[in-house]
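Worksheet for the structure shown next.
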Amino acid sequence: MKEHNSCKSAIEACTTDKYFAIAHLHFEEKTMDIHIHDCYEIYYSISGGKQFLIDNKSYMIQPGDIFFINQYESHHLTQIDQQEHERIVISIHPDFLKQLSTPNTAMDYCFQYRGAGFSHRITLDKEQQQRFMYYIHKLTSLSGYAEDVLERAIFTELMVFLNKTFYAKVQAEETDIGLNYQYDEQVNEILEYINQNISSPITIDHLANQFYLSKSYICRIFKLATGTTINKYLTARRISIAKSLLSEGMYVNEVYEKCGFRDYSNFLKSFTKAVGISPKKYALYNAR
């Protein structure tokens, strides 16, 4: 399998082929704004970093951390500690994982389980890190006869390993599940309020009045804690929810109101810019 050198090319390959793609990155790309895309993402940190915002949770990144992000979750990497930032990013098309699943084994468990107190992150120990990199090396060095068969088999084994590791952490209810994210208490309250009221009109003025803070102060602490602006976060969360509702079969003219967009025109423009296709086309291609 080709090893990509950018997240963008890996996502494009994954989406086009409805398969999976691997990117091994050593230096920081131009930081993307808070975003969502139509494939699952596994993000494995080799050198560590500083902060990852996924939906309303912010994580401090350490070497050996691995994150599982589904196609509805907005995310944003910010405040990288050093110019060199080595990581492995695997983009996986949801339909491909469904093909690998059986009635007894959901291969997308790590992307779909979102129980109370869950974390997008698990931390691999040294042995698990070596095992993960072994699979990556095998996948990116295959060639010759039956390459496609071996590639699929090794990837399946990798996903079984990751799902079992994720499942074990959830079952053990270890303290690093659900408690290993942190951010300023005020911003925590703001994020919680936004997510509880996402279908309502929310403006910076409204938030400032709600929390008895000045507009400049609330914007500053939110950007410092999350790495993005309030308006960009609001848009990304609303589009994330819209994608989920459209996939469930809800009509487009119902979705934009439930997500808090003030009118259809604004929803159409924002959704198409973020996702790459119109809401109607997305609903047509992704309805369950």
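Looking only at the stretch 114-148, residues that are over 21 Å from Ser45 (Cβ atoms) and assigned to a loop (DSSP other than H, G, I, E, B) come to 9 in all.
Scanning the stretch 216-231 for residues that are at pLDDT below 90 and hydrophobic (A, V, I, L, M, F, W, C), we see that the one that is nearest to the chain's Cα centre (by Cα) is Ala225. When we screen Leu234, Leu213 for residues that are assigned to a loop (DSSP other than H, G, I, E, B), at pLDDT 90 or above and of a type in the set (A, V, I, L, M, F, W, C), the only hit is Leu213. Checked against the criterion of being part of a strand (DSSP E or B), more than 14 Å from the chain's Cα centre (by Cα), buried (at least 21 other Cβ atoms within 10 Å of the Cβ) and at negative phi, the stretch 92-105 contains not a single residue that satisfies it.
With a requirement of 1 or more residues that are closer than 20 Å to Pro94 by Cα, the helices (runs of 4 or more DSSP H) lying completely within the stretch 244-288 that satisfy it span 264-275, 279-286. Within the stretch 31-68, being touching a helix residue (DSSP H, G or I) at 6+ places or on another chain (Cβ under 9 Å), among the β-branched types (Val, Ile, Thr) and either assigned by TED's automatic domain parsing to the domain that holds Lys223 or closer than 18 Å to Thr228 by Cα (or both) holds for Ile34, Ile36. A Cβ distance below 7 Å, combined with a sequence gap of six or more or placement on separate chains, defines the contacts here; from the stretch 188-213, residues that are free of Cβ contacts under 8 Å to residues at least 12 places away in the same chain reach residues that are part of a helix (DSSP H, G or I) and hydrophobic (A, V, I, L, M, F, W, C) in the pairs Ala208/Ile218.
The values are calculated or read from the model by the stated rules, or taken from the named source; none is laboratory data. The model shown is predicted, which means the values in this text are computed figures rather than measured ones. Please note: Cβ atoms are built from the backbone with ideal geometry, for glycine as well, and neighbour counts cover all protein chains shown.
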